[in-house]
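The values are calculated or read from the model by the stated rules, or taken from the named source; none is laboratory data. Computed from a predicted structure; not experimentally measured. Positions of Cβ are backbone-derived with ideal geometry, glycine not excepted, and every protein chain shown enters the neighbour counts.
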Amino acid sequence: MAGNVAASADRGEVKPSDMRLVIAASSAGTIFEWYDFFIYGTLAGIIGKTFFPADNPTLQILLVWAGFAVGFGFRPLGAVLFGYLGDRLGRKYTFLATVILMGIATAGVGLIPSAESIGIAAPILVILLRVLQGLALGGEYGGAAIYVVEHAPAKRAGYFSSYIQASVVGGFVLSLIVVLSCKAGFSAEAWGGWAWRVPFILSLGLLAISLWMRLKLNESPVFQAMKEAGEISGNPIRDSFTYPGNKKRILVALFGVAAGLTVIWYTAMFTGLSFLKGPMRVEDTAAEIIVGVSALLGMGFFILAGHISDKVGRKTPVVIGYALTLLLLFPIFWILGAAANPGQAEAAKRAPVTVVAKGCAFDPFADKQASVCGRALGELSKLGVHYTVVASVGRVAAPGNAVGQPIADGLEMAIGGTPVVVRDAADIRPLLEARGYAFDKQIPPVANIAVIVGCLLALSALSGFTYGPVAALLAEMFPPTIRYSSLSIPYHIGTGYFGGFLPLISSYIVARTGDPYAGLWYTIVVVAVALVVALWGLRDDRDTATHPATFS
């Protein structure tokens with residue numbers, strides 16, 4: 001596996017007009033493909049009601065996020081399959097295949113009858129289509145990123161490939177734009193009944209545009225040079241794990257790069273959106289517009305970070321982004337929550353909720369809670385109300401209940417220091433509203449919206465500096481002959497499992513603790529591990545190029 005011809009090809013010059021076409025076609029295809037993948041998360045609420053009906057609202061949303069995670073869970077398998085094809089048959093035709101598979105699978109979600117019509121077959125079909133989406137996405141990113149990097153001048157690879165990273169955000173923004181446009185174009189009744197399917201079916205049109213653009217592209221010059229020189233790997237999957245030093249490179253790419261950047265990005269986008277629409281009670285359309293505009297503005301941080309990485313090396317912006325995330329993530333969300341729903345924040349300070357939960361369990365995965373106590377805790381979780389659990393009975397005594405006497409048929413709690421006994425979960429909301437809590441959807445004042453946008457831009461900056469340089473960083477870590485496989489496998493394991501399961505795990509943590517901010521600890525732990533691995537394993541070489549393995 002000499003790689004000499006491929007190494008020299010990496011330094012080849014590409015005409016500016018050809019480079020613009022490479023970036024435009026690769027970025028557009030990436031936007032469309034991520035649009036297909038993210039439209040599921042954007043419409044999570046409707047998908048839950050249509051395909052995953054349940055009496056427990058928490059279970060319903062967990063099932064939706066489980067379906068979301070399934071797509072990510074199959075990304076590594078797609079990475080293996082399409083990585084092999086990309087290293088054996090070429091970059092161009094491999095990511096043509098992935099975009100076709102993604103478009104067909106996404107349109108299929110919009111055509112599945114509801115669970116009310118076909119029963120259990122509905123969620124099964126949704127999960128199967130999510131599997132196909134995961135397989136497709138497992139091959140897409142590696143192909144697009146490598147294709148751009150292998151065309152780019154060596155000292156501008158970070159800048160040019162950062163457009164691929166920004167395109168992932170573009171897919172999220174496009175999903176919001178299409179959803180908002182469709183909601184505005186249809187009545188509320190039509191939207192809730194059938195029109196929500198339109199964004200899924202529109203993916204067929206996006207597929208046609210993406211295919212038209214990508215068919216105009218030529219094969220990567222690096223792959224062409226390898227093919228002419230007879231340097232194509234006979235088994236790129238095997239060679240990815242036997243090439244000298246590559247096992248370490250894969251581990252660093254997985255735990256030090258992919259896992260960290262992904263949880264930051266999903267926290268910035270999906271956690272930010274669900275946080276506003278859920279516990280902060282921001283009106284759905286307003287929340288989507290705010291997050292969409294913020295994400296669109298924040299795309300510039302990805303380009304900036306890629307450009308900076310060409311000057312200072314790939315490692316520096318990534319490590320700085322990780323460190324700042326550990327310091328700023330909780331404060332940003334605290335400010336975000338206070339600005340999004342100041343009345344709720346004030347009510348929580350003025351009338352904190354304390355729950356005596358000895359012998360009381362809330363199971364987020366149960367269709368129906370076994371006790372009044374469990375149903376009451378579920379109601380608090382659904383309302384997004386932070387509650388503190390008291391370990392022993394009697395510290396908060398209800399009227400008529402002796403200290404230390406358990407309550408078998410209800411939940412003992414205190415609101416602002418006033419003890420109450422809840423015997424029906426439906427009683428909780430009126431009790432809280434009587435003490436200043438408000439649960440109707442609302443639109444924050446303009447000044448507060450400006451603060452929210454600022455917080456979301458701060459999250460975008462953290463994401464941009466950890467994500468922007470990554471296409472160039474990963475491509476430069478691996479030899480050209482096994483680059484597609486070696487890059488795709490750790491990237492999609494990291495993003496598929498650490499990132500794809502983030503909404504599910506963080507939602508579960510929030511449901512179990514009653515703290516709307518508690519799910520952020522998952523992000524903190526993953527990023528802390530990523531920072532340690534990145535400091536240990538990444539080189540900060542300012543003269544990196546895309547020929548074999550500048551990583552050591």
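Details
- When restricted to residues that are among the small types (Gly, Ala, Ser), closer than 17 Å to Arg20 by Cβ and in a helix (DSSP H, G or I), segment 146-157 contains 1.
- For segment 98-135, filtered to residues that are outside any helix (DSSP H, G or I) and without any contact (Cβ under 8 Å) to a residue 24 or more places away in the chain, the residue that is surrounded by the fewest Cβ atoms within 10 Å (Cβ to Cβ) is Ile120.
- Flag for Thr58 being assigned to a helix (DSSP H, G or I), within 28 Å of Gly205 (Cα to Cα) and either modelled with pLDDT of 75 or more or in the same structural domain as Val179 (by TED's automatic domain parsing) (or both): no
- Residue count, segment 313-337 (criterion: closer than 16 Å to Gly454 by Cα and free of Cβ contacts under 8 Å to residues at least 24 places away in the same chain): 1
- Output for segment 416-453, where each listed residue is exposed (fewer than 15 other Cβ atoms within 10 Å of the Cβ), closer than 30 Å to Ala268 by Cα and not hydrophobic (A, V, I, L, M, F, W, C): Asp440, Lys441, Pro445
- Enumeration of residues in segment 96-108 that are among the β-branched types (Val, Ile, Thr) and either touching a strand residue (DSSP E or B) at 6+ places or on another chain (Cβ under 9 Å) or modelled with pLDDT under 85 (or both): Thr98, Val99, Thr106
- Filtering segment 70-95 to residues that are modelled with pLDDT under 80, assigned to a helix (DSSP H, G or I) and surrounded by fewer than 24 Cβ atoms within 10 Å (Cβ to Cβ) leaves Val70, Gly73, Leu89, Lys92, Tyr93.
- For segment 508-521, filtered to residues that are assigned to a helix (DSSP H, G or I) and buried (at least 23 other Cβ atoms within 10 Å of the Cβ), the residue that is modelled with the highest pLDDT is Val510.
- Residue match in segment 156-169 (condition: modelled with pLDDT of 85 or more, in contact with an Asp or Glu (Cβ under 7 Å, 6 or more places away or on another chain) and basic (Lys, Arg)): yes
- In segment 182-206, the residues that are crowded, with 19+ Cβ neighbours inside 10 Å reach residues that are at pLDDT below 90 and aromatic (Phe, Trp, Tyr) with C-beta atoms within less than 7 angstrom, at least six apart or across chains, in these pairs: Lys183/Trp191; Leu206/Phe32; Leu206/Tyr35.
- Index of the failed condition, Val149 passing every other in (1) modelled with pLDDT under 85; (2) buried (at least 19 other Cβ atoms within 10 Å of the Cβ); (3) of a type in the set (A, V, I, L, M): (1)
- Boolean, Trp196 is more than 29 Å from Pro317 (Cα to Cα) and within 23 Å of the chain's Cα centre (by Cα): yes
- Residue under evaluation Met226, criteria (1) surrounded by fewer than 18 Cβ atoms within 10 Å (Cβ to Cβ); (2) in contact with a helix residue (DSSP H, G or I) (Cβ under 9 Å, 6 or more places away or on another chain); (3) in a helix (DSSP H, G or I), criterion not met: (1)
- Here Lys368 does not qualify as free of Cβ contacts under 8 Å to residues at least 12 places away in the same chain and either in the same structural domain as Gly158 (by TED's automatic domain parsing) or closer than 25 Å to Val385 by Cα (or both).
- For segment 324-355, a residue qualifies if it is of a type in the set (S, T, N, Q) and under 29 Å from Val527 (Cα atoms), and the qualifying residues are Thr325, Asn341.
- Single residue of Phe275, Phe301, Phe241, Phe255 found to be of a type outside the set (Ser, Thr, Tyr), in the same structural domain as Ala518 (by TED's automatic domain parsing) and either without any contact (Cβ under 8 Å) to a residue 40 or more places away in the chain or surrounded by fewer than 18 Cβ atoms within 10 Å (Cβ to Cβ) (or both): Phe241
- Of the residues screened, Trp34 is not one that is of a type outside the set (Val, Ile, Thr), assigned by TED's automatic domain parsing to the domain that holds Pro236, crowded, with 21+ Cβ neighbours inside 10 Å and at pLDDT below 70.
- Condition met for Gly205 (in contact with a His (Cβ under 9 Å, 6 or more places away or on another chain) and part of a helix (DSSP H, G or I)): no
- Selected residue (only one of Gly119, Gly110 is over 19 Å from the mean Cα position of the chain (by Cα) and at positive phi): Gly119
- Ile320 meets each of the listed conditions (1) modelled with pLDDT of 95 or more; (2) surrounded by fewer than 24 Cβ atoms within 10 Å (Cβ to Cβ); (3) closer than 28 Å to Asp515 by Cβ apart from (3).
- Residue count for segment 104-120, restricted to those that are of a type outside the set (A, V, I, L, M) and within 9 Å of Ile201 (Cα to Cα): 3
- Being small (Gly, Ala, Ser) and over 25 Å from the mean Cα position of the chain (by Cα) is a description that applies to Gly185.
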